[in-house]
Amino acid sequence: MGLIVLFIFVILPQSVSLVGRLTGANIVADLSDTLSPQVPIISAPPTATPSAQLKLTGYGEAKSTVVLIVNANEQSRQTISDDGQFTLEVMLNEGSNIISAYAVDESKNESEPSRSLTVTKDSEPPKLEVSEPQEAQQFELRKNQQIMVKGLTDSATRVYINDRSAFTQADGAFSASYQLIEGENILRIRAEDPAGNQTTKELKVNFKL
């Protein structure tokens, strides 16, 4: 490797210069940088967020410029630090955001684009409809002590009943069994979507043996 570097940067320019002097021609060695910089690598972000801003980290070729692309438009540029790391602040649109980046070095060579990442900005809380049981419903006898809690939420949303996970189908329909205690029972039903938005409802039912 040392011999190759010596040839490119020392022997070759001197040889060209010597030929130029011998022939009387004005020959200049073209040693310009034509190599593309390293493709930047972005750490995987969350798939969904309620925030309009997202911080991305990654690494690439030191001292090159990383160019941030969001939904096919350039959003910002930043010089990569000497250790190859960078941090980007991304402004997200409501809905789906396709994010990628490429690098540009000091000789204006451009890298290939990075892999695309999709982040959904979702600031709306999920719907939550409870069909069973009804508010202030009365249950009696031991055979009715275990009830079913049923309802509907958005798809890909998790439902919890008093912090216990309920079974949720692809269409958002959910159900879970719940063991009542004697007297008043408070059911706190919480729906949480992938972005972390939450909707909560509280029902009170009564049970008597």
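Observations, loosely collected:
- Residue 40 closer than 27 Å to residue 104 by Cα, modelled with pLDDT of 50 or more and surrounded by 14 or more Cβ atoms within 10 Å (Cβ to Cβ): yes
- Any hit, region 129-152, residues being closer than 30 Å to residue 72 by Cα, under 34 Å from the mean Cα position of the chain (by Cα) and among the acidic types (Asp, Glu): no
- Scanning region 175-209 for residues that are within 30 Å of residue 122 (Cα to Cα) and of a type in the set (D, E, K, R) yields 188, 190, 192, 193, 201, 202.
- Meeting the requirement of 2 or more residues that are under 30 Å from residue 41 (Cβ atoms) and of a type in the set (Ser, Thr, Tyr), the strands (runs of 3 or more DSSP E) wholly within region 83-174 are 95-104, 117-121.
- Here residue 77 passes the criteria (1) under 18 Å from the mean Cα position of the chain (by Cα); (2) not in a loop (DSSP other than H, G, I, E, B) except the one numbered (1).
- Unmet criterion (only one of (1) surrounded by fewer than 12 Cβ atoms within 10 Å (Cβ to Cβ); (2) out of contact with any Leu (no Cβ under 8 Å at 6 or more places or on another chain)) for residue 74: (2)
- Scan of region 114-161 for residues that are of a type in the set (Val, Ile, Thr) and exposed (fewer than 14 other Cβ atoms within 10 Å of the Cβ), ordered by number: 118
- Every pair of residues 6+ apart whose Cβ atoms lie under 8 Å, when the first sits in region 175-196 and is among the aromatic types (Phe, Trp, Tyr) while the second is not in a strand (DSSP E or B): 178/162
- Options 64, 100, 96; residue that is of a type in the set (Gly, Ala, Ser) and either crowded, with 20+ Cβ neighbours inside 10 Å or more than 16 Å from the chain's Cα centre (by Cα) (or both): 64
- When region 175-189 is filtered for residues that are outside any loop (DSSP other than H, G, I, E, B) and either exposed (fewer than 13 other Cβ atoms within 10 Å of the Cβ) or within 24 Å of the chain's Cα centre (by Cα) (or both), the ones remaining, listed by number, are 177, 179, 183, 184, 186, 188.
- In summary, residue 27 fulfils each of the numbered conditions (1) in contact with a helix residue (DSSP H, G or I) (Cβ under 8 Å, 6 or more places away or on another chain); (2) at pLDDT 95 or above with the single exception of condition (2).
The values are calculated or read from the model by the stated rules, or taken from the named source; none is laboratory data. Please read all numbers here as calculations on a predicted model, not as lab measurements. Glycine gets a Cβ as well: all are built from the backbone with ideal geometry, and neighbour counts include every protein chain shown.
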